[in-house]
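S.K.: Dropping the structure in here first, questions after.
Computed from the coordinates by the stated procedures, all read-outs in this text should not be read as laboratory data. Since the structure is predicted, the reported quantities are computational estimates derived from the model, not experimental observations. Glycine also receives a Cβ, built like all others from the backbone with ideal geometry; neighbour counts cover every protein chain displayed.
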Amino acid sequence: MSGEMEIIDGEGHILGRLASEVAKELLKEKEKKIAIVNAEHVIISGSKETIFKEYKMRKDRGSKEKGPFFPKMPDRIVKRTIRGMLPYKKARGRDALSRLHVYLGIPEEYEKVNREKVGNASAERLSRKYVTLGEVSEKLGWEPKQR
């Protein structure tokens, strides 16, 4: 299966808007593969206290044995958010999700490749408070590896 690969730099993008654009693209084109890099720099708009409280409640919901399980790592939170916008229980949604890759930082194979910005998801127009996904993940207990 040879499809075109689109690399999106997550830095400076709003999580929900980025997720909806990527989900639409994955469902629209059957062969397209998308890689999102710099997942820890994706932005969630709102006050820090509110966001931290909401994500902590999501993570603590359910039991350790039966779930629902909510990820701590930024790359997995982005993928989970996109999964929520796909019909992932049907073959079409599973296929779309399998063509999505999300990375922390920028992997070596994508360093020299041109990275795109999603126009509608840019956080440049945000005038209010926001927090990065990396900060939220650290509050949830994720420990970033030092390079």
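S.K.: Just to check, using Stokes-Einstein with a Kirkwood Rh over alpha carbon pairs, what's the diffusion coefficient of the range 69-109 at 25 °C and 0.890 mPa s in µm²/s?
M.R.: Numbers: Rh = 11.1 Å.
Rounded to a whole number, D works out at 221 µm²/s.
S.K.: Something else about it: Tell me the GluC sites (Glu not before Pro) within the range 1-88 that lie in a loop according to DSSP and have at most 16 other beta-carbon atoms within 10 Å.
M.R.: On the way: sites: E4, E6, E11, E21, E25, E29, E31, E40, E49, E54, E65; in loops: E4, E11, E29, E31, E65.
Filter output for the range 1-88: E4, E29, E31, E65.
S.K.: What is the fewest-to-most order of D9, D60, D95 by other Cβ atoms lying within 10 Å of their Cβ? Before the final figure, lay out each step's value.
M.R.: Details: D9 18, D60 9, D95 14.
In order of increasing Cβ crowding within 10 Å: D60, D95, D9.
S.K.: List the GluC sites (Glu not before Pro) within the range 106-147 that DSSP assigns to loop and that have no more than 13 neighbouring Cβ atoms inside 10 Å.
M.R.: On the way: sites: E108, E109, E111, E116, E124, E135, E138; in loops: E111, E124.
Listed in order of number, the matching sites are E111, E124.
S.K.: Still on this model: What is the sum of charges, Lys and Arg at +1 and Asp and Glu at -1, for the other residues whose Cβ falls under 14 Å from the Cβ of K56?
M.R.: Values: positive: K48, K53, R58, K59, R61, K72, K139; negative: E49, E54, D60, E135, E138.
Neighbourhood net charge equals +2.
S.K.: Take the Cα coordinates of the chain, assign each an equal point scatterer, and use the Debye formula without solvent to give log10 I(q)/I(0) at q = 0.14, 0.17, 0.20 Å⁻¹.
M.R.: After summing over all Cα pairs, the log10 values are -0.69, -1.01, -1.32.
S.K.: Enumerate by residue number the chymotrypsin sites (Phe, Trp or Tyr not before Pro) in the range 68-110 meeting two conditions: DSSP loop (anything except H, G, I, E, B), and at most 13 other Cβ atoms within 10 Å of the site's Cβ. Mind showing how you got there, number by number?
M.R.: Working: sites: F69, Y88, Y103, Y110; in loops: F69, Y88, Y103.
Here the sparse-neighbourhood loop sites are F69.
S.K.: Calculate the dipole size of the chain relative to its Cα centre from +1 charges on Lys and Arg beta carbons and -1 charges on Asp and Glu beta carbons; express the result in debye to the nearest 20.
M.R.: On the way: 33 positive and 23 negative charges, 173 e Å.
The dipole magnitude comes to about 840 debye.
S.K.: Subtract the Cα-Cα distance of K24 and K89 from 0.36 nm times their separation in residues, and report this length gain in nm to one decimal.
M.R.: On the way: separation 65, 0.36 × 65 = 23.40 nm, distance 1.64 nm.
Result: 21.8 nm gained on full extension.
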